[in-house]
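Engineer: I'd like to ask you about the structure that follows.
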Amino acid sequence: MKKRIVRYLKHIFLTFLFLALSAISLGLYHGASLHYGDHPSRMNLDKDGPYVFYENDSTLSVNYLRGNKNDGFYTATKEYSIAHTIPGSCYFPLEDTSFDFTIYPQFETPKTIYNDGNPIVAISDIESGFKTFRDFLIQQQVIDTNLNWTFGKGHLVLVGDFVDRGFSTTQVLWFVYKLEQEAKKYGGLVHFIIGNHELKNMQAKFGAASQKYLAVSAILDKQQNDLYSQESFLGKWLSSKNAIEKINGHIFVHGGIHPEVATLGMSLEAINDISRKHYYKAYFPQVQKTSAQLITSTRKGISWYRGYFKADLSQAQIDAQLETFNAKSVVVGHTLQSKVKTFFNGKIIGIDVHHPKDYNKSWPNSQSEGLLIENDVMYRLLHDGTKKEL
């Protein structure tokens, strides 16, 4: 009787062990990880900023947070005329460092299509990881250690979701803004493609945002949705960006292009125009189905679609889609991959990988990756600066 009970318990233990190992393996395959070791400076709000708002048609207020929980917080504010450039500085508490930049109150909507043959480096889904993003660009020689642009006339393409799930959203956004200015000096370009998490922040959906930014808005005496509204500089800047672009024949879009979107008969410029008009309009299915409903849908829309990796698409459908837009390939983020890799005979490239976080460690250790397109040859860029042809 005793041996039978032991065998029964052993059988149960082995069954649970098998199920646990299977669950862990499945999770690792889909990019799951365990994070640990949260750094205490992640919620350091002293010197955080700048948070810039339009006070009226002619004035901007530039705000930096000061103080601590024990002594209390306050806002250091200075007003500037939009007729002048404005000095800015962004502090990174993890390393006790900062970077400087210049704020230009006026900016334009970028083009949708570029053709110049210059090299392209693309990365996506940084998710508020300033250090990770910065270090990757240094290793790829896009910038030097002083954050100066070294990529010449190259294109740096940021394929969405650079916000949320971390504690360095403000640092990341101002860093992207600084990179734009740096690149222009040398004839280069930074392309910030809007992802679904940028949309969430513009539409006041903060479920994936750090609680840090609820505290920030409270200190500023504002609501959290004010941080990226049309009255904020960063919000207005984000809303000027495109949701899809074609660079040297390669389409860059955060989610992807659903076959129904491809058959609308619209140009990429028209798709961008509709997308921008809906950045601040939260999507919800409606009885009346329109082109705008499809393009902005959270299931089939260009910033949300996952069908390249989950739907039963044929090579013929992908080829037809590329022919419609006279494109060589579609590069997407949004859907997590184990590494940068190609699908559908190299026509679809998934570049969303599990990047390291600024303020905690994870198991298994994750490493950043990106994509290089040079002379129409594609390379997988590794975190240490090496590259492997795809």
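Engineer: Helix-only mean residue ellipticity at 222 nm, the chain, DSSP H runs n ≥ 4 weighted -39,500 (n - 2.57), per residue, nearest 500. What is it?
Structural biologist: On the way: 11 runs with 110 residues, N = 390.
Taking each H run of at least 4 residues, the total per residue is -8500 deg cm²/dmol.
Engineer: Taking the simple approach of a point 7 Å from Cα along Cα-to-Cβ for both Ser338 and Ala270, what is their distance in nm?
Structural biologist: 4.1 nm
Engineer: Tell me, in nm to one decimal, what length is gained between Lys153 and Gln367 on full extension, where the rule is 0.36 nm per residue of separation less the Cα-Cα distance?
Structural biologist: 74.3 nm
Engineer: The chain: Rg/Rh from Cα coordinates, Kirkwood Rh?
Structural biologist: Using only Cα positions, Rg/Rh for the chain is 1.01.
Engineer: I need the shape label for segment 226-300. Rule: rounded when a/c is under 1.5, else prolate if a/b > b/c, else oblate, with a, b, c from the alpha carbon gyration tensor.
Structural biologist: In terms of gyration-tensor shape, oblate.
Engineer: Using label points projected 7 Å from each Cα along Cα→Cβ, tell me how many nm separate Gln141 and Phe284, to one decimal.
Structural biologist: Label at Gln141, label at Phe284, 5.3 nm between them.
Engineer: Just Gly207, Gly117, Gly88 to compare: in a GNM of the chain, with alpha carbon springs under 10 Å, which one fluctuates most?
Structural biologist: Between Gly207, Gly117, Gly88, it is Gly207 that shows the largest mean-square fluctuation.
Engineer: So, one more: Using Cα centres only, tell me the gap between segment 104-146 and segment 181-247 in whole Å.
Structural biologist: Cα centroid to Cα centroid, the span is 15 Å.
Engineer: Looking at Gly195, Leu238, Met266, which one has the Cα that reaches farthest to the positive end of the dipole of the chain (charges on Cβ: Lys, Arg +1; Asp, Glu -1)?
Structural biologist: Toward the positive end, the furthest listed residue is Gly195.
Engineer: Next question, about the same structure. Name the residue, out of Ile244, Ile123, Ile274, whose mean-square fluctuation peaks in a Gaussian network model built on the chain with Cα pairs under 10 Å.
Structural biologist: Among Ile244, Ile123, Ile274, the largest mean-square fluctuation in the Gaussian network model of the chain belongs to Ile274.
Engineer: Could you give P(r) for segment 262-346, binned at 5 Å from zero, as whole percent values over all Cα-Cα pairs?
Structural biologist: Bins of 5 Å from zero give 3, 11, 21, 24, 21, 13, 6, 1 percent of pairs.
Engineer: With a 10 Å cut-off between alpha carbons and a GNM built on the chain, which of Thr290, Thr109, Thr335 moves the most?
Structural biologist: Fluctuation is largest for Thr290.
Engineer: Would you mind telling me the antiparallel percentage of the DSSP bridges in the chain, rounded to 5?
Structural biologist: 75 percent
Engineer: OK, next. Take the Cα coordinates of segment 125-180, assign each an equal point scatterer, and use the Debye formula without solvent to give log10 I(q)/I(0) at q = 0.14, 0.20 Å⁻¹.
Structural biologist: Here log10 of I(q) over I(0) equals -0.34, -0.69.
Engineer: Right, something else. Taking the Cα centre of the chain as origin and charging only Cβ (+1 Lys, Arg; -1 Asp, Glu), how large is the dipole, in debye to the nearest 20?
Structural biologist: Charge dipole, the chain, about its Cα centre: 1880 debye, nearest 20.
Engineer: Further, regarding this structure: Projected onto the charge dipole of the chain (+1 at Lys/Arg Cβ, -1 at Asp/Glu Cβ, origin at the Cα centre), which of Asn248, Trp304, His278 gives the Cα projection farthest towards the positive end?
Structural biologist: It is Trp304.
Engineer: Please report, ordered by residue number, every helix of the chain (full DSSP H runs) that is 24 Å or longer along its axis going by C-alpha atoms and whose mean Kyte-Doolittle hydropathy reaches 0.0.
Structural biologist: Both cut-offs are met by 2-29.
Read the figures in this text as sums done on the coordinates, not as results from a lab. This is a predicted model, so every value here is computed, not measured. We place every Cβ from the backbone using ideal geometry, glycine too, and count neighbours over all the protein chains shown.
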